[in-house]
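The values are calculated or read from the model by the stated rules, or taken from the named source; none is laboratory data. What you see is a predicted model, and the numbers here were worked out from it, not measured in a lab. Using ideal geometry, Cβ is built from the backbone for each residue, glycine included, and neighbour counts are taken over all protein chains shown. Each accessible area value is taken on the protein alone, full model and side chains, heavy atoms only, with ligands, DNA and RNA left out. Shrake-Rupley method; radii C 1.70, N 1.55, O 1.52, S 1.80 Å.
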Amino acid sequence: MRWGLPDFIQDVLPDEAARLEELRRRLLDAFRTRGYRLVIPPLIEYLDALTTGAGQDLRLSTYQLVDQLSGRMMGVRADMTPQVTRIESHLLNHVGVSRLCYCGSVLRTRPSSLTATREPLQFGVELYGHAGLEADIEVLRLLAEALRLADVPLVRFDIGHVGLFHALASSVGLNGAACEEAFNLLQGKDISGLRTLLAEVGDCAAREAVLALPELYGGVEILDAAAARLPRMPQVDAALDELRQLAIELADLPLGFDLADLRGYHYHSGLVFAAYGGGVHAALAMGGRYDHVAENFGRVRPATGFSLDLRELARCSPAVEQPGSILAPLEKDPALQDEISKLRKAGETVIDALPGHEGTWKVAGCDRQLVKRDGRWMVAVFHGG
């Protein structure tokens with residue numbers, strides 16, 4: 001196919017593009033009023049900066065090439081969060097709280113699922129400089145607001161805590177490749193495989209604590225079950241306390257807890273979450289706390305945020321019928337030009353009727369026309385073709 005596109009790469013046609021742009025503008029305007037300032041990172045930069053602190057998964061997702069000017073390896077961004085963190089840490093260098101948002105295309109070597117695109121339109125917000133739970137609560141409420149603004153019902157937030165796994169893995173003695181394998185087994189809730197992996201490490205109590213994680217999912221009551229089954233350790237107690245406080249503060253939102261859900265294990269350092277809704281099985285948005293990524297750019301800076309694919313969110317959003325266009329005759333009447341200017345300033349689409357295209361204006365989306373009656377130009381129903 002001469003004009004075919006690569007697998008999992010799609011054009012965005014006018015109707016979808018209009019919906020995407022309207023939704024993008026709606027979200028950015030809403031978050032601007034909450035103090036989130038827009039940044040636009042470059043599409044391509046040196047590979048080390050793109051993938052620093054984000055683990056091997058992001059490096060494998062990143063298209064790589066050699067810069068013809070410097071000879072250094074470059075990458076096409078697969079995730080904008082490290083870029084925004086670089087900007088906040090290295091360029092803005094703020095003291096105190098900093099709120100940033102972004103929206104742009106990213107490119108990935110493989111899709112996240114059989115129905116996903118390799119070129120998501122990534123939208124996200126990041127909050128830097130506050131280590132307390134208040135920042136995580138703000139970000140979660142912002143994500144709920146994003147879905148509301150898109151008219152997508154929020155079914156539930158799935159909440160986890162990477163700190164639990166770090167503490168328990170350390171107590172068992174897992175590190176390196178073994179820790180990575182345990183992470184993969186937990187994501188698949190493969191208790192049998194996990195039991196085999198842990199057979200030769202740690203003491204019995206520590207092993208049973210790790211094996212309990214895949215079974216600890218459900219409503220807020222699961223946190224009490226976790227306190228009963230997991231060992232009393234400062235990191236474990238702190239993580240469970242954070243989750244309990246989150247449940248209290250966000251009692252008005254549909255929360256679920258999954259203590260084996262470690263999405264972003266290489267990247268995040270504390271609370272992690274995913275939002276589900278819109279009638280799709282995959283998560284619409286994901287996020288969490290990543291307090292250590294900024295260290296790679298020379299600053300110790302707590303951070304939390306979320307990102308989503310605006311394309312996917314727009315597909316889940318109900319379609320809104322767009323008004324048709326107004327056809328204007330191609331005349332040099334100053335009164336006509338004044339009326340056209342007024343209509344365009346009011347947000348209407350006015351199309352000039354170029355000669356020789358009679359019978360095609362309905363197809364072009366015209367449902368009204370400007371006509372002159374009693375010496376005045378006015379909008380009337382378009383009955384032509």
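Worth a mention:
- Intensity falloff of the chain expressed as log10 I(q)/I(0), Debye formula with alpha-carbon point scatterers, at q = 0.06, 0.10, 0.12 Å⁻¹: -0.33, -0.76, -0.99
- Rounded to the nearest 20 debye, the dipole size of segment 1-103 about its Cα centre is 400 debye, using +1 on the Cβ of Lys and Arg and -1 on the Cβ of Asp and Glu.
- Rounded FRET efficiency, nearest 0.05, which uses the C-beta distance separating Ala319 from Arg156 and R0 of 30 Å: 0.75
- Tensor-based shape of segment 53-116 (alpha-carbon gyration tensor, a/c under 1.5 rounded, otherwise prolate or oblate): oblate
- For Ala251, the shell of other residues with beta-carbons less than 13 Å away shows a net charge of 0, using +1 for Lys and Arg and -1 for Asp and Glu.
- Of Cys316, Cys101, the residue with the largest accessible area leads and the full order is Cys316, Cys101 (1.4 Å probe).
- Relative contact order of the chain, taken over Cα pairs closer than 8 Å and 6 or more residues apart, is 17 percent.
- Pairs of C-alpha atoms in segment 71-194 farther apart than 23 Å represent 57 percent of all such pairs.
- Placing unit charges on the Cβ atoms of the charged side chains and taking the dipole of segment 237-385 about its Cα centre, the candidate lying farthest along the positive direction among His268, Gly384, Gly365 is Gly384.
- Globularity ratio of segment 1-139, using Cα Rg and 2.2 N^0.38 Å: 1.17
- Three-way shape label, segment 126-246, alpha-carbon gyration tensor, a/c 1.5: prolate
- P(r), alpha carbons of segment 270-327 - 10 Å bins starting at zero, rounded %: 19, 30, 23, 16, 8, 3
- Sequence-separation-based contact order of segment 112-248, relative, with Cα cut under 8 Å and 6+ spacing, percent: 23
- Segment 1-80, relative contact order in percent, only Cα pairs under 8 angstrom and at least six apart counted: 24
- Within-12-Å neighbourhood charge of Ala364 [Cβ basis; K, R +1; D, E -1]: -2
- Solvent-accessible area per residue for segment 190-347 (1.4 angstrom probe, square angstrom): 48
- Share of carbon and sulfur in the accessible heavy-atom surface of segment 25-120 [1.4 Å probe, %]: 55
- Here the chain is treated with +1 on each Lys and Arg Cβ and -1 on each Asp and Glu Cβ, and its dipole about the Cα centre works out to around 880 debye.
- Projecting the Cα atoms of Ser70, Leu133, Thr85 onto the charge dipole of segment 68-180 (Cβ charges, centred on the Cα centre) puts Ser70 farthest toward the positive pole.
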